[in-house]
Amino acid sequence: MKRIASVELLRFISSFMILIWHYQHFFLPFNQFSSFDITDNIKHQPLFDSLSLLYEYGYIGVQIFFTISGFVFSYVYLQRTNTFFFKEFIVHRFARLYPLHFLTLVIVLFIQIYSLNKFGNYQINSINDAYHFFLNLFFISGWGFEKGYSFNGPIWSVSIELIIYGFFFLSLIRLNKNRFYQALIVFIILLILRKFNISTYMELPTLKLIIECSLFFYSGVLIYLFFKKFKNSHVQLILSIILIFFSFNGNFKIFLFCPSLLLLFLSFEKYLNNFFRKIFNTLGNLTYGMYLCHFPLQIICIMMLRNFSIDTDIYLTIEFLLLYLIFILATALLSFNFFEKKLNTFIKKKLLP
């Protein structure tokens, strides 16, 4: 199926937002070797004037990810006339997500053991025991059984996404008619649950997170259904601008901003030539590697600087920030071309007829 290059670009931007947001891991309270407390000195991070929105609000990249997932899964699966393809879906998701997850999980396990033996403490995340390794191994580290972030911390969002995939199939895939109204009803229910914070009454904090992530996912489903019905890019552009305006009107409404941003990018799709499509699709390939590889690379970097007694003020320099980003992008590129893509193809050939 033809990829939508504008969506791939937005996916890359979202991942880049997370990289900048997590740059704080190089400072206290995350990096115990640093003398610089990020909570009091956030504005001293390199290129803060240019990247201030990402340093302060880069976590929104996760919500954008969920919105994009809702759109992409609708684009891929809601067009299918055959509804009996659950095994195919599971294999495709496993082949795409699990190999790099398992690799980075094992890497983090060994480097955290090394850190504990060498320096007497873990880096960034302090929960790295056998119980949480088991949760991570089976992709359930974000389901409420955990006591906090553990091992390769960012994987929590992928773990929650697996729950949403199941609900997506139950609520939409098996039903062929009136999908827009079904998705809208689900979205409104999730919005109400979020508004009244029902998880507080049930004393299930993880439920709040699942509701929140599901809300963004289904906003992406609605954008797809709208995009499919209204192909006119001018209509998409005008509506996206109106929705973005309302998302900033009064209190910031992130559940409105994320799908509006997605629709804005979609409105430019028809104007992209083959050159930019190729570039944006390539950038989209890097996102999963960027997301999962940056965390272990940060830990390795922290330990290396400590091992060679390099002053931690280096984290405040523009040169280090640029090297950090370039190294992660290079790692993600190698990961996709020589590991993710090859394992993806191998697993699908083995498990699918």
### Message
Take the conditions at pLDDT below 95 and at positive phi and apply them to LEU47. Does it pass?
### Response
yes
### Summary
Restricted to the stretch 17-73 and to residues being among the polar types (S, T, N, Q) and without any contact (Cβ under 8 Å) to a residue 40 or more places away in the chain, the residue farthest from PHE227 (Cα to Cα) is ASN41
### Query
Of all residues in the stretch 101-114, which are surrounded by 14 or more Cβ atoms within 10 Å (Cβ to Cβ) and within 23 Å of MET290 (Cβ to Cβ)?
HIS101, PHE102, LEU103, THR104, LEU105, VAL106, ILE107, VAL108, LEU109, ILE111, GLN112
### Any pair with Cβ under 7 angstrom, 6 or more apart, that starts in the stretch 205-234 at a residue that is over 20 Å from LEU10 (Cα atoms) and ends at one that is modelled with pLDDT of 90 or more
LEU209/ILE160; ILE210/ILE160
#### Entry: Sole exception among (1) among the small types (Gly, Ala, Ser); (2) within 16 Å of the chain's Cα centre (by Cα); (3) surrounded by fewer than 19 Cβ atoms within 10 Å (Cβ to Cβ) for SER35, by number
(2)
### Query
If you check SER69, SER50, which single one turns out to be in a helix (DSSP H, G or I), more than 30 Å from GLN112 (Cβ to Cβ) and among the polar types (S, T, N, Q)?
SER50
### Task
Tell me, yes or no, whether the stretch 170-186 has at least one residue that is outside any helix (DSSP H, G or I) and within 29 Å of PRO29 (Cβ to Cβ).
no
### Query
Can you name the residue in the stretch 127-141 that is free of Cβ contacts under 8 Å to residues at least 12 places away in the same chain and outside any loop (DSSP other than H, G, I, E, B) and is also nearest to the chain's Cα centre (by Cα) among such residues?
PHE134
### Query
Only one of LEU19, LEU53 is within 20 Å of the chain's Cα centre (by Cα) and over 28 Å from LEU137 (Cβ atoms); which?
LEU53
### Task
Report yes if GLY70 is out of contact with any Asp or Glu (no Cβ under 6 Å at 6 or more places or on another chain), surrounded by 14 or more Cβ atoms within 10 Å (Cβ to Cβ) and more than 23 Å from VAL186 (Cα to Cα), otherwise no.
no
### Message
Yes or no: the stretch 85-107 includes at least one residue that is in a helix (DSSP H, G or I), over 26 Å from LYS349 (Cα atoms) and either modelled with pLDDT of 90 or more or in contact with a Leu (Cβ under 8 Å, 6 or more places away or on another chain) (or both).
### Response
yes
### Query
Are any residues in the stretch 21-32 closer than 19 Å to ILE328 by Cα and surrounded by fewer than 21 Cβ atoms within 10 Å (Cβ to Cβ), and if so, which ones?
TRP21, HIS22, GLN24
### Task
Sort out which residues of the stretch 1-46 are in a loop (DSSP other than H, G, I, E, B) and not polar (S, T, N, Q), and write them in order of number.
MET1, LYS2, ARG3, ILE4, PHE27, PRO29, PHE30, PHE33, PHE36, ILE38, ASP40, PRO46
### Single residue of the stretch 142-165 satisfying the filter (under 27 Å from TYR77 (Cβ atoms), within 15 Å of the chain's Cα centre (by Cα) and not in a helix (DSSP H, G or I)) that is modelled with the lowest pLDDT
GLY142
### Query
Which one of ILE90, ILE127 is farther than 30 Å from ARG179 by Cβ, surrounded by fewer than 20 Cβ atoms within 10 Å (Cβ to Cβ) and out of contact with any helix residue (DSSP H, G or I) (no Cβ under 7 Å at 6 or more places or on another chain)?
ILE127
#### Entry: Contacts under 8 angstrom Cβ, first residue in the stretch 174-188 being over 13 Å from SER74 (Cα atoms) and of a type in the set (Ser, Thr, Tyr), partner part of a helix (DSSP H, G or I) and at pLDDT 80 or above, 6 or more apart
none
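The values are calculated or read from the model by the stated rules, or taken from the named source; none is laboratory data. Note that the structure is predicted; figures quoted are calculated from it, not measured. No Cβ is skipped: glycine too gets one built from the backbone with ideal geometry, and neighbour counts run over all protein chains shown.
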